[in-house]
Amino acid sequence: MRRGRFVRYILEHFKDFAKTAGILVAATFIGMIFLKLGFTESNIITVYILGVLLTSLFTRGYTCSVLASVFSVMLFNFFFTVPRLTFQAYHSGYPVTFAIMLMASVITGTLAAKLKDHAKLSAQTAFQTKIMLDTNQLLQKAQDDWEIINITASQLSTMFERCVAAYAEEGGQLSERQVFVPGSASQKSQLPMSKERDIADWVFQNRKRAGAMTSRFNNADGMYLAIRINEKVYGVVGIQIGERPLDTNEYSFLLSMLGECAMAIENNRNARAKERAAVLAQNEQLRANILRAISHDLRTPLTSISGNASNLLSNYEVLDEESRTQIFNDIYEDSQWLIRLVENLLSVTRLEEGRMNFNMSVQLVDEVLEEAMQHLNRRSVEHKILVEYPEELILARMDARLVVQVLINLVDNAIKYTPAGSEIKVTVKKTEGYVAFHVADDGPGISEDDKPRVFEMFFTGENRIADGCRSLGLGLPLCKSIINAHGGELILTDNEPSGAIFTFTLPVGEVNINE
């Protein structure tokens, strides 16, 4: 076993030994030239020390440096001391010279090797730090656990130039592995660690490292570590070790990368949990608003319809014609209010779900205004409604049915929130590329506190409606959604000296006549 390792070590460092031998031969050749030229022995010693320094720079580790130091002393003794071509020395001071030369060579070679290792370590640390920064940026953009683990494993493979196997936690167990290979990838069946799934499962269950460089499964080809925070394990990463154990610096970076990965998964899951909680809270608020509307806001018109119908059934013969007509009118108005409410609610639902079908076509604005005015609430007789039709024929691209609904909602909204006798004015103007519809009233207007929320779903403001029926706060949000879908805009402004103006725009339409 030891002999096999020694042979493998010799083969792996054969190039370094060859470089060392070449440098020593060159130093000896230069020394012989110096000797013929009459240089002193100190100059030749300097050449050998330079050779030791070059050996340290161009070879790995300290072995070749030490060997170069020993052999340089032996070569100097053999070729340049009297008697030459022997290892004997006549001069009594040569042993001291040899000792000092050996010490100087060893120290020089060792220092050079340390400086080279330090420079290499600094470059490696800078590279690994850059990989960690890049990983951090990539993890911030990841969308799910698998993407986070894949990014981490890929970066680890690049950082350490080793094969990396990654497993994600799915339903309380590990998923199938993903393998990342630096450089050109091989077939997965030929990759290392292909039969070490049991080790990964053990790490996942016990939340401890295992495999190479550990006390458990130490004959494995890879070392396996859990991606975890405290007791929660999000996956397992295996890194190939083979005959190249990780040094302390590499192991520290590995732990840091896995910690970043676990933290990113934790943050990602927390963010998704917050999103789900927000959606649930929003749905719960929507549900509560609908229940409030059904239990409270619909009760008034339904109670009115039921009471008036009961009054007619019980006292029809007793009531005079005028009273019966008034009761019929009340029932009709309440039923129309409920119909518009249901239409708005259905339209809002379709828009939110993306099921609203828009039949876009070029329409004459005058015809759309006339149709909208015909469908207004009968309570409009208590208000003064003015419609200013444009002098020229204006065409707009729209879904006429939905725009009519918008106009009805805006005018009906003005009727509800202004006292009897108020003036409501509908005007249309053509601007550059758009047709602007204005619905203005001279009522009390909308408070500054309510203005930012008038287009929110189920917001009704503080103003009470004269007949006791409350709006569900669906009309304005629905109008805004419809106009936005047309490519226009719905805005609220103040009317001077009092009141509010709702303005919406639609694209100008053109009719192409094919001759």
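The values are calculated or read from the model by the stated rules, or taken from the named source; none is laboratory data. Keep in mind that what you see is a predicted model, and the values were worked out from it rather than measured. For neighbour counting, all protein chains shown are included, and Cβ atoms are generated from backbone atoms with ideal geometry for every residue, glycine included. Surface accessibility is based on the protein's heavy atoms, side chains included, excluding ligands, DNA and RNA. Shrake-Rupley method; radii C 1.70, N 1.55, O 1.52, S 1.80 Å.
Assorted remarks:
- For the range 413-463, fraction of C-alpha pairs farther apart than 12 Å, in %: 70
- Charge tally around ASN267: other residues with Cβ under 14 Å, Lys/Arg +1 each, Asp/Glu -1 each, net -1.
- Under the simplified labelling scheme, the ALA278-LEU115 pair shows an inter-label distance of 5.8 nm, with each label point 7 Å from Cα along Cα→Cβ.
- Carbon and sulfur %, accessible surface of the range 399-453 computed with the full protein complex present, 1.4 Å: 48
- 1.4 Å probe accessible area per residue over the range 134-257, in Å²: 51
- Reachable lysines, given that their alpha-carbon falls under 28 Å from the alpha-carbon of LYS416 and they are not under 8 places away in the same chain: LYS384, LYS425, LYS429, LYS451, LYS480
- Neighbours of THR158 by Cβ distance under 14 Å: Lys/Arg scored +1, Asp/Glu scored -1, total -1.
- Förster-model FRET efficiency, 60 Å R0, LYS208 and GLN285, C-beta, rounded to 0.05: 0.85
- Total formal charge among the other residues, if their Cβ is under 13 angstrom from that of ILE148, Lys/Arg +1 and Asp/Glu -1: -3
- Orientation-averaged projected area, Cα convex hull of the range 145-259 (nm²): 6.7
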